[in-house]
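Written below as structure tokens is the structure these notes are about.
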Amino acid sequence: MVQHVLVAPDKFKGSLTAAEVAATVAAALGAPAVELPVADGGDGTVEAAVAAGFDRVTVRVTGPTGEPVDASYARRGDTAVIELAEASGLRRLPAGPEPLTATSHGTGELIADAVKRGATRVVLGLGGSACTDGGAGLVQALGARLLDAGGRDLPRGGAALRDLDRIDLSGFPDVSGVTFVVASDVDNPLLGPHGAAAVYGPQKGATPEQVTLLDAALGRLAAVATRTHGL
């Protein structure tokens, strides 16, 4: 006879959160159960960390369209668990997809807040985002400047990266004492037919023409980063 059951599901995307799935399964088992929601780096990663004993920290940050949103990350000791989808996710779009202009800026603000509060290990969950900006908004939020040929700051979003000429990191903070761990269940390359724009752009509302534009813009980001910083 089963005497103890661990219920550890991920979300059922579009219908139930991982916590709701766990509660439903546990209630139907008819046996003592421990509910432990899990996540794959996308939506629900922060909730899974909180369910595992982390504290929730809520901060007002910039959403993917530039409007303010209240987003959370999880913290325990010197470790912070930050979810890209929480600040910059599809569910944060008030009026539908914005594939060319959505930004990851708010995720950078969450990282900045966690580091300011003493985090020395940041687990960054990738997935469920509304943006295809190669993390441009994230680094802008941390103090980097992405400049065009005229020295002007680029506007938000992935499409603007096609005009990138220079990356100025003079205002970027010293995070050499912080370890960053990426939590992701995919291994797509940045560019090409299996790249970020081609595979995930349509999920964010991009048309075939916009996918081509975003792929070229990400290519420009990679080229400039390599030329200016050897990345």
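Data overview
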{"read-out": "Most fluctuating residue given options Leu161, Leu29, Leu147, as computed from a GNM of the chain linking Cα atoms under 10 Å", "value": "Leu29"}
{"read-out": "At 0.890 mPa s and 25 °C, Stokes diffusion of the range 79-193 via Kirkwood alpha-carbon radius, µm² per second", "value": "165 µm²/s"}
{"read-out": "Chymotrypsin sites (Phe, Trp or Tyr not before Pro) restricted to DSSP loop in the range 1-83 with at most 10 other C-beta within 10 Å", "value": "none"}
{"read-out": "Where the Cα pairs of the range 180-226 fall when distances are cut into 10 Å bins, in %", "value": "27, 47, 24, 1"}
{"read-out": "Measure of compaction for the chain (Cα Rg per 2.2 N^0.38 Å)", "value": "1.09"}
{"read-out": "Equivalent-ellipsoid semi-axes of the range 52-102, from the Cα gyration tensor, Å, largest first", "value": "25, 10, 8"}
{"read-out": "Orientation-averaged projected area, Cα convex hull of the range 139-231 (nm²)", "value": "7.0 nm²"}
{"read-out": "Accessible area per residue, Å², the range 166-222 with all protein chains present, probe 1.4 Å", "value": "58 Å²"}
{"read-out": "DSSP beta bridge pairing in the chain, given as percent antiparallel to the nearest 5", "value": "55 percent"}
{"read-out": "Folded to 0 to 90 degrees: helix 105-116 orientation relative to the chain principal axis, Cα", "value": "70 degrees"}
{"read-out": "The range 90-159-the range 162-213 distance, computed between alpha-carbon centres (Å)", "value": "10 Å"}
{"read-out": "Top of Pro155, Pro32, Pro94 by mean-square fluctuation, Gaussian network on the chain, Cα under 10 Å", "value": "Pro32"}
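The values are calculated or read from the model by the stated rules, or taken from the named source; none is laboratory data. The shown structure was predicted, so the numbers you read here are calculated from the model rather than taken from an experiment. Glycine also receives a Cβ, built like all others from the backbone with ideal geometry; neighbour counts cover every protein chain displayed. With ligands, DNA and RNA removed, areas are computed over all heavy atoms of the protein, side chains included. Shrake-Rupley method; radii C 1.70, N 1.55, O 1.52, S 1.80 Å.
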